[in-house]
1. Is it fair to say A:Y49 is surrounded by 21 or more Cβ atoms within 10 Å (Cβ to Cβ), in contact (Cβ under 8 Å) with a residue 24 or more places away in the chain and hydroxyl-bearing (S, T, Y)?
2. Taking the stretch B:1-25, which residues are part of a helix (DSSP H, G or I) and touching a helix residue (DSSP H, G or I) at 6+ places or on another chain (Cβ under 6 Å)?
3. For the stretch B:36-133, give me every one of the helices (runs of 4 or more DSSP H) that falls completely inside it and has 2 or more residues that are touching a residue at least 40 places away in the same chain (Cβ under 8 Å) and under 18 Å from the mean Cα position of the chain (by Cα).
4. Condition (residue is within 13 Å of the chain's Cα centre (by Cα), within 11 Å of chain B (Cβ to nearest Cβ) and not in a strand (DSSP E or B)) applied to the stretch A:92-108: is it met by at least one residue?
5. Just wondering, is there one or more residues in the stretch A:32-46 that are within 12 Å of another protein chain (Cβ to nearest Cβ), touching a Ser or Thr at 6+ places or on another chain (Cβ under 8 Å), over 17 Å from A:H85 (Cβ atoms) and among the charged types (D, E, K, R)?
6. All but one of (1) within 11 Å of chain B (Cβ to nearest Cβ); (2) surrounded by 17 or more Cβ atoms within 10 Å (Cβ to Cβ); (3) touching a Lys or Arg at 6+ places or on another chain (Cβ under 9 Å) hold for A:W21, so report the exception by its number.
7. Name every residue in the stretch B:73-90 that is within 14 Å of chain A (Cβ to nearest Cβ), over 11 Å from B:L124 (Cα atoms) and crowded, with 17+ Cβ neighbours inside 10 Å, in order of residue number.
8. Name the residue, out of A:D79, A:D118, A:D73, that is farther than 30 Å from B:G73 by Cα and surrounded by 17 or more Cβ atoms within 10 Å (Cβ to Cβ).
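The values are calculated or read from the model by the stated rules, or taken from the named source; none is laboratory data. Not measured: the values here are computed from a predicted model. Don't worry about glycine lacking a Cβ; one is built from the backbone with ideal geometry, like all the others, and counts go over all protein chains shown.
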Amino acid sequence: MAVDKKFIGKKYGPMTYEIGWEKGKEYARAIKNEDPHYMDKEFAKSTKYGGVIIPPTFAVVYSGHLCMPFFMDPELKLDLMMLVHGEQAFEFFDVIRPGDVITTAGVISNIENKEKLDTVSLEGTSTNQHGKVVCKATYTFAIRKRA
Amino acid sequence: MAKNIKDIKVGDGYTAKEEVDKYRTIYYAGASGDFNPIHIDPEFGQMVGLGGVILHGLCTLGFAAKSITDWTGDPGALKKLKCRFAKPVHLGDVITTAAQVTAANGSRATLEIKVTNQDGVDVLTMVSAEVGE
């Protein structure tokens, strides 16, 4: 069954995530990116950031938590067996540092009904503890229609 | 040293390579929290027709992001990044990221990026990024 376009604008969250340095380093190692901006406090002191920062694509962790209530939304009735992550987009507005408290609010920004699949986009806007928007992450899922 | 954004010109670019080692999906699952069995359970991957486990698409995109921030020398210079997940990436694959600057105005530059496997297949498509001050 097609995903109803009336759900465009439906909101999820907000959800809050506290950034830890060790977790940031673990993520950096997982994407094989041991950049000293992330890993080395001494090096990081000499940068314009004055301390270590977190890899930008760590956004998928702090904002990705929104996907769970979205997937499990009983109203939306997504066919999870037929769902794949189709597209991803990020906009970064500021760096993330250990100790930041990031709050992400989600909204269904688009739904398209195509012949063989539907696409549903979930946009998460993440704000830090100073009220500054740091990232917008858009997760677009494709849900193939069963024959 | 961080690259000066105003020195970036149309036609600039780079190529980077990353090998998907045998345990990459396990590391990425642990770090990201995405334990979908298609990424960590080879039997499940076989059963659903993927020929074993496949790498998280966001890990492939993470490799692309690394190539960009290595090139700029400043992770904070990455302002936009997007892609479509086109083909599965398997363990042992070698992923090449080839980027070229298609627009630059002194404060922002746009990169169009090809992300391919060792057979030349585009595993990500519609990949683009913006870097800036």
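1. Details: surrounded by 21 or more Cβ atoms within 10 Å (Cβ to Cβ): no; in contact (Cβ under 8 Å) with a residue 24 or more places away in the chain: yes; hydroxyl-bearing (S, T, Y): yes.
Judged against the criteria, A:Y49 is not a match.
2. B:T25
3. Details: elements: B:37-40, B:42-47, B:57-72.
Because the criterion is at least 2 residues that are touching a residue at least 40 places away in the same chain (Cβ under 8 Å) and under 18 Å from the mean Cα position of the chain (by Cα), the helices (runs of 4 or more DSSP H) in the stretch B:36-133 that meet it are B:57-72.
4. no
5. yes
6. Exception for A:W21: condition (1).
7. Those that are within 14 Å of chain A (Cβ to nearest Cβ), over 11 Å from B:L124 (Cα atoms) and crowded, with 17+ Cβ neighbours inside 10 Å: B:D74, B:P75, B:G76, B:A77, B:L78, B:K79, B:K80, B:L81.
8. A:D118
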